[in-house]
Every structure is written in structure tokens, then in C-alpha cells.
1. With the requirement that a residue be part of a loop (DSSP other than H, G, I, E, B) and more than 14 Å from GLN163 (Cα to Cα), what does the stretch 179-196 give you?
2. Six or more apart or on different chains, Cβ under 8 Å: which pairs go from a residue in the stretch 18-37 that's over 22 Å from ARG230 (Cβ atoms) and without any contact (Cβ under 8 Å) to a residue 40 or more places away in the chain to one that's among the small types (Gly, Ala, Ser) and assigned to a helix (DSSP H, G or I)? Could you list them?
3. What number of residues within the stretch 51-62 are buried (at least 20 other Cβ atoms within 10 Å of the Cβ) and not β-branched (Val, Ile, Thr)?
4. For the stretch 256-285, how many residues meet the condition of being in contact (Cβ under 8 Å) with a residue 24 or more places away in the chain and under 15 Å from LEU10 (Cα atoms)?
5. Residues in the stretch 144-156: is at least one without any contact (Cβ under 8 Å) to a residue 12 or more places away in the chain, farther than 30 Å from ILE238 by Cβ and not β-branched (Val, Ile, Thr)?
6. Have a look at ARG18, ARG81 and point out the one that is more than 19 Å from the chain's Cα centre (by Cα), modelled with pLDDT of 95 or more, of a type in the set (D, E, K, R) and surrounded by 16 or more Cβ atoms within 10 Å (Cβ to Cβ).
7. Just for strands (runs of 3 or more DSSP E) wholly inside the stretch 1-85: which have at least 3 residues that are among the aliphatic types (A, V, I, L, M)?
8. So ALA112 clears everything in (1) assigned to a helix (DSSP H, G or I); (2) without any contact (Cβ under 8 Å) to a residue 60 or more places away in the chain except one condition, right? Which one?
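The values are calculated or read from the model by the stated rules, or taken from the named source; none is laboratory data. Keep in mind it's a predicted model, so treat the numbers as computed, not measured. Backbone-built Cβ (ideal geometry, glycine too); neighbour counts: all protein chains shown.
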Amino acid sequence: MIAPPRAELLSLNTATVREQWNLRQMIEGCARHGIRGISPWRDKLGELGAAEAARLIRQHELAVTGLCRGGMFPAADAAGRRAAIDDNWRAIDDAATIGARCLVLVVGGIPAGSKDLAGARQMVIDGIAAVLDHARASRVPLAIEPLHPMYCADRACVNTLDQALDICDALDPAPPGASPSGAIGVAVDAYHVWWDPNLPRALERARPERLLAYHICDWLVPTTDLLLDRGMMGDGVIDLPALRARLEGSGYRGFHEVEILSTRWWQRDPDEVLRIVRERHLRCS
């Protein structure tokens, strides 16, 4: 029997209500509904301003479980790759300002006009390496989020937890018997990794220092839109309690961040959405 999750570990990824609320409303909504964590997206953060967001987050005593998103490193030319690195530096600065526990990296896909998947993956490694020292100095861990293979071409050419951990081990190696620095790790998103037959082994491989974030939602059958039809926990086929148990067995003790990109849920009253999020978190995850 898997114990239910602790209510105080619930976090709202603001994508869940992005079409109804601005970031100020999201922060106030979390406080109103007793949700103790929040993970903003950068467009909403930019509208409010990082300094004002940090003030409101502190005022409402919320934990910032992540900032979404950095990454998108591959580009067709050196100028594009440099621009991506500069953008990630700015994202790290914003994450530090709001006290984010990590900057989530959606690493990017194959550059337009290219078919060089291996080259794109090398650009990802090179891009992360170029910003890692700044992240370390800013005390903002980088969380590589592997995305489902359907996004390999355009959004993320890192598609399994093992691939993400390989990059972590290459860029932040730990001597035998020592722990990694924690400057780089992974964000485990149930929507993107639940299908992987090697996931249990990869979670056993992961060290607690590498497990920086955990995102939850559900996979609907049928799924009508592969980007914008994620399900509320309990409405789909992912065994979320079992996944959480495996994650906790690997040492994860952080928040459970609900991230539901869904045109269906964006049509609902956001206070109703947050009430359902709270109930489903305890009952279905």
C-alpha cells in the first residue's frame, strides 16, 4: 500500500492556469488555496517583473520549485547558439532573483533545415556547459527535463531520463564515493517519461542530488493534441502513485509540481481548477 502524498508538497506550475490568470493572480491563488509551492513560466514573470514577483512570493511564503524554462540551445549558426546562451544567462539571473530551486531546461530540438540529431545533442551539451559555471555561482541548479520522443525534432532532443543523467554525469562528475555537486540534475515529468521501460532502472541510477524537480499530470486516452491535451491526475493511464514511490525510493523529497497544459482546463474557472488539483493530488498521485 502506497501512502498518500503530503498536502504541503503540492506545487503549482503556472502553465496549469496560464490562460486565465497573470502571475500576480497565480501567486495569490496559491496562497488562497493553501498550495505552498509555485513554478512560474518566464513570459508571465516578464510581465510582472522578477523583483516584484520575488516580493509577492516572499509575502505569501511560497517556495519557488522551479522556473520554466531555459534551454533551446541548438541553432543553425554560431550567432543563434550565442543568443541561446545569453538568454539562459538571463534566465539564471531571474531564477536567482525569485529564489527558484532550479531552472528547468527544455533543451531544444534539431535546427531548422538540419537532420543532424547527434549534432543537435552535442549543441545541447556545449550550451549547458557554457552556462553551468554561471548557474553554479548564482546557486541556481539546472534541471534537464527529458521530453517524450514525439518532441525530439522541435522541442527536446533529450528524451529519456538516462540521456539526461548521462549529460549530468559528463558535466558534473563525482569522484568515486562522493556525491555530485547538485549544480545540474533532472526534472522528472510524468507526462514525458512514464512510457519508458528503462525508467525504473534510471531512477535507481539517479542520486538524490540529481533529482531536482517532479512534474505531474496524466496521459489521456485518446489524446487529441500532443502538446495541449494533458490530463488532470487520475483521468488517464499513468500510475502516478507507483512513479512517486519509485522517485521517493531514489531519495527525492521535494515538491510535486502540477503542470497541465490543456485547452480543456484553460476553459475552466481557475479557482475550480486549483480546488480539483488539491483533491486529485491527495487522491490520485
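1. From the stretch 179-196, those part of a loop (DSSP other than H, G, I, E, B) are 179-183, 194-196; that's our starting set.
Selection gives SER179, PRO180, SER181, GLY182, ALA183, TRP194, TRP195.
2. ILE27/ALA53
3. Here is the first cut: in the stretch 51-62, the residues buried (at least 20 other Cβ atoms within 10 Å of the Cβ) are 53, 57, 62.
If we keep only those that are not β-branched (Val, Ile, Thr) as well, we get 53, 62.
Result for the stretch 51-62: 2.
4. Number of matching residues: 17.
5. Step one: filter the stretch 144-156 for residues without any contact (Cβ under 8 Å) to a residue 12 or more places away in the chain, giving 149.
Now restrict to residues that are farther than 30 Å from ILE238 by Cβ: none.
No - not one qualifying residue is present in the stretch 144-156.
6. ARG81
7. Working: elements: 10-13, 37-39, 67-71.
Result: empty, no element qualifies.
8. (1)
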